[in-house]
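S.K.: Have a look at the structure that comes next, please.
The values are calculated or read from the model by the stated rules, or taken from the named source; none is laboratory data. What you see is a predicted model, and the numbers here were worked out from it, not measured in a lab. Counting neighbours? That spans all protein chains shown, and the Cβs are built from the backbone with ideal geometry, glycine included.
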Amino acid sequence: WRQRAPSVFINDVKVGEIHAIFSESNVLGTPSTIHLFQALSQVVLEQIDRKCPATFVFQILVVAATSNKDRAEDVWETIWKSLSPLFKKCCLHPDEDVSMGAVDCLRQIVSLFITKKEENSKNQRSSFEPFLWTVSDHENEKVKEFALTCIQNMSSLPCFVENMKSGWTTLFECLRFSVEFNMTRKTGFEILKKVFWANWTEIERNFVVVTNTIEEFRKVMEGSEENREGYLKEISRMLGEILTRKLQKSLSTREVPSAVQRATKSEEERVEKKTGLIPMKVTSLEDTSLLYMTDMITVYNCIVLCITSKYHTVAEDALFILRTHLLSLPKNLLDVVFFKTLYCCFSPELPDKMTKIMRLLYQVTLELPFHLVPPVVSFGYNVLLNSEVCWESTKVFFSILVKDEKFREISEMYYLEQEKYFKCVVDSLRGISSSVFHEDICEHKPNIVSCEVCHREFIRHFMAQCGCGEHVYCEEHKVNEHSKECVKRWKKWRIEQSGMSTISCRGLVEYFDVISLMDVNATVLKQLGNLWKSLFETLEKLPMKTVAKSYEKVVFAIFKTHIAALKSYEDIAFTFLKESANQIFSFYSTNGFVLCNSKPIILYVLEQLSSLEGDTFLKVINAVFDTLVVLISSDDLDVRKGVVGIIKKIHFLNPIHC
């Protein structure tokens, strides 16, 4: 009978006797027990390979395992060498009944041993590996989900966390694969939550796998439909716990050199003494800080993506967590963590989505050391140039910043950024004035037309919309004065008809509310003077109605600022008033009212000059008198009245001069 196959031998034995063999197999010696499980594994493989697979043998396997559960760990280590390949084949079997039966059998066997604490073996790892193979490789998502459900049920056992040892890594790998499939995702995340908050030691030991798993869950939860906001908030809480725990460990070990560090230092000293060369010392680096950043980069990236999430509550929670973390960081970590986290949240795409989050980002920035503020200042100027929806929060940020007593620490940098901003505003206007033809607003002539220069046919008749239907040119040959004039008219039409209002110019108007709060100095006055000159030259070349009102407000603010600065910075303010007033008056005398020199601007300048007192008034008027008196011949009654009012004041203050 020893030469007969195990399945044939079993067929000759009664059912009760078969059950007794396995239920009482604990009386066998160790070698016999090992042979028993090897033989039973062969039986199982034969049964599932039949045309109609039999799954009852799985229960026999459970009975045998139950009977022998108290055997030593090293015995079970040998037994698992035969069970592991068995379960790998059975759990991945294409027949759903077989694979589910195998997974359930595995669950029952693993549950027997999870009630005991593992000592010096790797049996838990061996027993959890079939779950991993099932979740990662089985083609049927129902089987994958069932395997995770089995793990979830086992994790609910009161002794699960305390008794788990070698199985943790395999368990976390299993959860990582669960992210990839719709049916397994929810169960996998619930298991992750449970074990995350139950055993930080194992989380830290498997830190890379866990953080990568959390990041993968964040990605898929962002796009899921079911309770995605709740999942993302839970992920933010996990990230907050990781930040707190890892920072505490980093701070507590920062000054304590490890055995490896001491050995490395000793080796460096030996090499230096022997060769006379001074090597680049690894021990001269702040090792714990470097390791900390290496470990945490995935966590930081994940929390940044939570802050920039489309869900306001998720973003707020994540930002609060990051704020608390930043404020607790030591100096040697703060700068690099700031640029890896909070600064990355100032995204060009963010303002259009969440103005409240933008306000909170600015607020957190102002709570940090001021040397970290300059990059955010640059971003704020970019918002004023491009994103109208966040102007208010950006203005509040600038207003608080310039009034802070620590503003002097970064004032020089701030003024440099402000100068760049003014230049960008002008460049944006010049960009519109040089905009190119856009085919979406082209008109096609019904008949075939050809370029009058190169005679190429089927070209776009783009001049029809700008008042010229006489000549047709392709874009390569719009070279003569007539075609240039047509292009210029077309650009003006495009700006007006397409609604291309200059956001940057209106943003500049908003920014002057900040300037009004600022302690104006010589640097600011010079920048404002240069800004006015650039704007005037730009609008003179291509007048645009869309910026007229904004430009008027800017001119009013610049003039008012210089008038107010005459006492403190007389030379700079006087030079500006003299040059700008002369230019405005001369331009008006030649061209009349145009958009860059409108009636409100002329009247405002006259009014501001008239508001000056005493010798200051006489000094400024004397500098602009020649161009001023020419305005007395203006066709506009209001302009003439303004000039006459100034002449009367001159006569009152200095009759001899008149």
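S.K.: If I filter region 530-567 down to residues being closer than 14 Å to GLN583 by Cα and touching a strand residue (DSSP E or B) at 6+ places or on another chain (Cβ under 9 Å), which single residue comes out as modelled with the lowest pLDDT?
M.R.: GLU540
S.K.: Take the conditions modelled with pLDDT under 90 and of a type in the set (D, E, K, R) and apply them to GLU180. Does it pass?
M.R.: yes
S.K.: Same structure, new question: So which helices (runs of 4 or more DSSP H) stay within region 53-124 end to end and still have 2 or more residues that are farther than 24 Å from PRO158 by Cβ and touching a Lys or Arg at 6+ places or on another chain (Cβ under 9 Å)?
M.R.: Of the helices (runs of 4 or more DSSP H) lying wholly inside region 53-124, those with at least 2 residues that are farther than 24 Å from PRO158 by Cβ and touching a Lys or Arg at 6+ places or on another chain (Cβ under 9 Å) span 73-91, 96-114.
S.K.: Give ASN654, ASN582, ASN597 a once-over and let me know the one that is over 27 Å from SER550 (Cβ atoms) and in contact (Cβ under 8 Å) with a residue 12 or more places away in the chain.
M.R.: The conditions single out ASN654.
S.K.: Sticking with this structure for a sec: Being surrounded by fewer than 18 Cβ atoms within 10 Å (Cβ to Cβ) and more than 18 Å from SER328 (Cα to Cα) is the filter; apply it to region 356-369 and report the residue that is modelled with the lowest pLDDT.
M.R.: LYS356
Let's see how each residue does on (1) in contact (Cβ under 8 Å) with a residue 24 or more places away in the chain; (2) surrounded by fewer than 15 Cβ atoms within 10 Å (Cβ to Cβ); (3) within 37 Å of the chain's Cα centre (by Cα):
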position	(1), (2), (3)
ARG125	yes, no, no
PRO130	yes, no, no
ASN140	yes, no, yes
GLU145	yes, no, yes
PRO158	no, yes, no
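S.K.: From the list LEU372, LEU327, LEU342, LEU334, which residue is outside the structural domain of ASP519 (by TED's automatic domain parsing), in contact with a Pro (Cβ under 9 Å, 6 or more places away or on another chain) and at pLDDT 90 or above?
M.R.: Just a single option satisfies the conditions, and that option is LEU334.
S.K.: Here is a further query. Check region 520-529 and report whether any residue there is in contact with a helix residue (DSSP H, G or I) (Cβ under 6 Å, 6 or more places away or on another chain), buried (at least 16 other Cβ atoms within 10 Å of the Cβ), modelled with pLDDT under 85 and in a helix (DSSP H, G or I).
M.R.: No, region 520-529 has no match at all.
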